[in-house]
Structure formats: structure tokens, C-alpha cells
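Accompanying notes for the structure given below.
The values are calculated or read from the model by the stated rules, or taken from the named source; none is laboratory data. Treat the numbers as computed from the prediction; the structure is a model and nothing was measured. Glycine gets a Cβ as well: all are built from the backbone with ideal geometry, and neighbour counts include every protein chain shown. In case anyone asks, the SASA skips ligands and DNA or RNA and just uses the protein heavy atoms, side chains included. Shrake-Rupley method; radii C 1.70, N 1.55, O 1.52, S 1.80 Å.
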Amino acid sequence: MTLTELACWVLGIVMILVVVGGWGSTWRSRKEERRSARYRAVCRLCLAVFRLDGRGSEHRCPECGAKTDRSGPTPLG
């Protein structure tokens, strides 16, 4: 194996590691976003985003006090 072949192999392995690392980082970020979305709600009235405490299906908005469920605002309000 010559020095040129060794350099090509090292560069190829480094490029593969960079691509796999970027893919893993993106996957981890999307997983964390989905996990945090489970505990997040959007008020139908004032559109405030707040964290759910996990009990029940309806929650009160801390900003305006309106009842809000997990689904958030809809196009028709």
C-alpha cells in the first residue's frame, strides 16, 4: 500500500464518519423535538405555548386562563 492509497483511505473513512455523525445528530435532534412536543400545548385563544403537567386532557392557559386541550388551535378556532 502506497502513501497515496493510505491517504485516500483515511480521507474516505473520515468523510464517512462525518456523514454518519451528521445523520446521527439530526436523528437525535428530531427525537428530542418529538419528546418535548408531548408535553407542550398551544392556547386556542392567545396562542401562548406552555408546558403540560400531564394530568387530564384539558388544561388552563397560564396567560389568559382559557381551557386548552393537547391538540392546540385549529383553522376554525
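Here is how the numbers come out for the structure above:
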{"item": "Members of the stretch 1-38 that are of a type in the set (A, V, I, L, M) and outside any helix (DSSP H, G or I)", "result": "MET1"}
{"item": "Hits in the stretch 36-65 - residues which are basic (Lys, Arg), open to solvent by less than 100 Å² (accessible area, probe 1.4 Å) and without any contact (Cβ under 8 Å) to a residue 24 or more places away in the chain", "result": "ARG40"}
{"item": "Residue selected from the stretch 1-13 under the condition of a type outside the set (Gly, Ala, Ser) and surrounded by 10 or more Cβ atoms within 10 Å (Cβ to Cβ), by the criterion farthest from ALA66 (Cα to Cα)", "result": "LEU6"}
